[in-house]
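K.L.:
This structure is in structure tokens; I'll ask about it shortly.
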DNA sequence: ATTTTTGCCTAACGAATGTTAGTTATGACG
DNA sequence: CGTCATAACTAACATTCGTTAGGCAAAAAT
């Protein structure tokens, strides 16, 4: 991918984040790039390519992240801690793309959407496995695995809705807070 | 609001849920209603009215819900339990509208969007107050209040992404599972 | 020096968008 | 019966949409 194409992709991701994919026109993206709409087509095949690349690049990053965590750590609690940390760091390093990944994958065409959902399911499954391992190892309560994983993933997925680059907490601090809360719970 | 208008609103909410507000055309809604696009304008002022009514009706429902919980219950733990239960029940009784409320409020015009955000903030503040009360009453751990509330709200907000009307769990069962997990945490 | 490639341009396409104006069929109410 | 309200219609509007075709200037490669 050429520099210019990457630049266009980045600009598009920012606009998609602000306005949503459907409400962002090719002309909006062109304007941000300081170029006529038609000129974009020297670099991209179409608007959907920008969405597609964004969604699948992020999916790959998240999946690669959790694979590394699974390879490096053994203890389930540590795996979970690092999976959360990795997720939040990827997200904070690609905040625009993460928002698009989270919100706009629905606008992928049917075929690609199906592939995307598969990747997402695989990612979520990794979290369920970690929670199950923690239970088997006697580290975690015998909670409903699906439910516990869902709560963790909800918190992770929701971060894009409130994360602020200028906020006081770093990505790893957010991850640590989240991990601690999920482990400890509210009850005294 | 006439029956027919309500019918159109309901159909629109379903389409907005499936395709998103921006990607749903007035003609799509008209087709669902078995009518020409222009005919809708006997009933509505415009497309945005459908979004506006959806977002603000749901906001009112959620806020009324938590006010009632605050009036009826005193104990912070019970308040939280019932706030979660009420939220999930409202959501499951209005699943299409809830999804739109969650995803598409961004497409409100600037003025209404600002009002909407204020309502949302007020709602979220109620959760923070409950958590803080729980800590003050010695029921809850001395967690970071913002963070704890955020995790709870993340889980609540994310429910629309996986909730299935045909699922095996009722709204109150989901609420109970969620509440228990948040209170207890993972750690044994 | 000549050719090729790159990156943009203008112009235009057909389709879809939200919305309006004006009209008509139907049925309720006096 | 005549009047009015309701709910739909057809036709059209000005825009905007994603995209294509063809060309042109500058830079890179030969």
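K.L.:
Residue under question is residue B:183, and the condition is that it be at the interface with chain A (Cβ under 7 Å from one of its Cβ atoms) and surrounded by 15 or more Cβ atoms within 10 Å (Cβ to Cβ); does it hold?
P.N.:
Values: at the interface with chain A (Cβ under 7 Å from one of its Cβ atoms): yes; surrounded by 15 or more Cβ atoms within 10 Å (Cβ to Cβ): yes.
Taking the combined requirement at face value, the residue satisfies it.
This table checks each residue for (1) without any contact (Cβ under 8 Å) to a residue 24 or more places away in the chain; (2) touching a helix residue (DSSP H, G or I) at 6+ places or on another chain (Cβ under 7 Å); (3) on the phi < 0 side of the Ramachandran plot.
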position	(1), (2), (3)
A:105	no, yes, yes
A:117	yes, no, yes
A:125	yes, no, yes
A:128	yes, yes, yes
A:139	no, yes, yes
A:156	no, yes, yes
A:172	no, yes, yes
A:183	no, no, yes
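K.L.:
Specify the residue that is surrounded by the most Cβ atoms within 10 Å (Cβ to Cβ); the eligible residues are those in region B:16-37 that are within 14 Å of another protein chain (Cβ to nearest Cβ) and in a helix (DSSP H, G or I). Give the steps one after another, and end with the answer.
P.N.:
Quick first cut of region B:16-37, residues within 14 Å of another protein chain (Cβ to nearest Cβ) only: B:16-25, B:28.
Keeping just the survivors that are in a helix (DSSP H, G or I) gives B:16-19, B:28.
On the way: B:16: 27, B:17: 21, B:18: 13, B:19: 15, B:28: 17.
Ranking the candidates gives B:16 first.
K.L.:
Could you tell me which numbered condition residue A:188 fails, if it satisfies all but one of (1) facing chain B (nearest Cβ under 7 Å); (2) modelled with pLDDT of 95 or more?
P.N.:
It fails just one condition, (2).
K.L.:
Taking the conditions exactly as written (out of contact with any helix residue (DSSP H, G or I) (no Cβ under 9 Å at 6 or more places or on another chain) and in a helix (DSSP H, G or I)), does residue B:111 satisfy them or not?
P.N.:
Details: out of contact with any helix residue (DSSP H, G or I) (no Cβ under 9 Å at 6 or more places or on another chain): yes; in a helix (DSSP H, G or I): yes.
Yes; evaluated as a whole, the condition is true for this residue.
K.L.:
Can you pull out the residues in region B:38-88 that are within 14 Å of chain A (Cβ to nearest Cβ), within 30 Å of residue A:186 (Cα to Cα) and free of Cβ contacts under 8 Å to residues at least 60 places away in the same chain? Full working, then the answer.
P.N.:
Applying the first criterion (within 14 Å of chain A (Cβ to nearest Cβ)) to region B:38-88 yields B:47-48, B:51, B:75-81, B:83-84, B:87-88.
Then drop every residue that is not within 30 Å of residue A:186 (Cα to Cα), which leaves B:75-81, B:83-84, B:87-88.
Selection gives B:78, B:79, B:83.
K.L.:
Sticking with this structure for a sec: If we keep just the residues of region A:126-168 that are within 9 Å of another protein chain (Cβ to nearest Cβ) and assigned to a loop (DSSP other than H, G, I, E, B), which is surrounded by the most Cβ atoms within 10 Å (Cβ to Cβ)?
P.N.:
Selected residue: A:143.
K.L.:
Do we find that residue A:15 is within 27 Å of residue B:104 (Cβ to Cβ) and away from DNA strand D (no atom under 11 Å from the Cβ) in this structure? Show your work before the answer.
P.N.:
Numbers: within 27 Å of residue B:104 (Cβ to Cβ): yes; away from DNA strand D (no atom under 11 Å from the Cβ): no.
The answer is no for residue A:15.
K.L.:
Taking residue A:40, is it in a helix (DSSP H, G or I) and within 14 Å of DNA strand C (Cβ to nearest atom)? Spell out the reasoning first.
P.N.:
Values: in a helix (DSSP H, G or I): yes; within 14 Å of DNA strand C (Cβ to nearest atom): yes.
Yes; evaluated as a whole, the condition is true for this residue.
K.L.:
Restricting attention to region A:60-81, which residues are closer than 29 Å to residue A:6 by Cβ and crowded, with 18+ Cβ neighbours inside 10 Å?
P.N.:
Once the filter is applied, which keeps residues that are closer than 29 Å to residue A:6 by Cβ and crowded, with 18+ Cβ neighbours inside 10 Å, region A:60-81 yields A:61, A:62, A:65, A:66, A:69.
K.L.:
Here's a follow-up. Test residue A:10 against the criterion of being at pLDDT below 95, surrounded by fewer than 18 Cβ atoms within 10 Å (Cβ to Cβ) and within 16 Å of DNA strand C (Cβ to nearest atom), and give yes or no. Break it down stepwise before answering.
P.N.:
Numbers: at pLDDT below 95: no; surrounded by fewer than 18 Cβ atoms within 10 Å (Cβ to Cβ): yes; within 16 Å of DNA strand C (Cβ to nearest atom): yes.
Judged against the criteria, residue A:10 is not a match.
For every residue, the table says whether it meets (1) within 14 Å of chain B (Cβ to nearest Cβ); (2) surrounded by 16 or more Cβ atoms within 10 Å (Cβ to Cβ); (3) more than 21 Å from residue A:181 (Cα to Cα).
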residue	(1), (2), (3)
A:93	no, no, yes
A:97	no, yes, yes
A:103	yes, yes, yes
A:118	no, no, yes
A:122	no, no, yes
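K.L.:
Among B:31, B:17, which is modelled with pLDDT of 95 or more and more than 22 Å from the chain's Cα centre (by Cα)?
P.N.:
Details: B:17 fails: more than 22 Å from the chain's Cα centre (by Cα).
Result: B:31 is the single residue among B:31, B:17 that is modelled with pLDDT of 95 or more and more than 22 Å from the chain's Cα centre (by Cα).
The values are calculated or read from the model by the stated rules, or taken from the named source; none is laboratory data. Here the structure is a predicted model, which is why all the values come from computation and not from measurement. For neighbour counting, all protein chains shown are included, and Cβ atoms are generated from backbone atoms with ideal geometry for every residue, glycine included.
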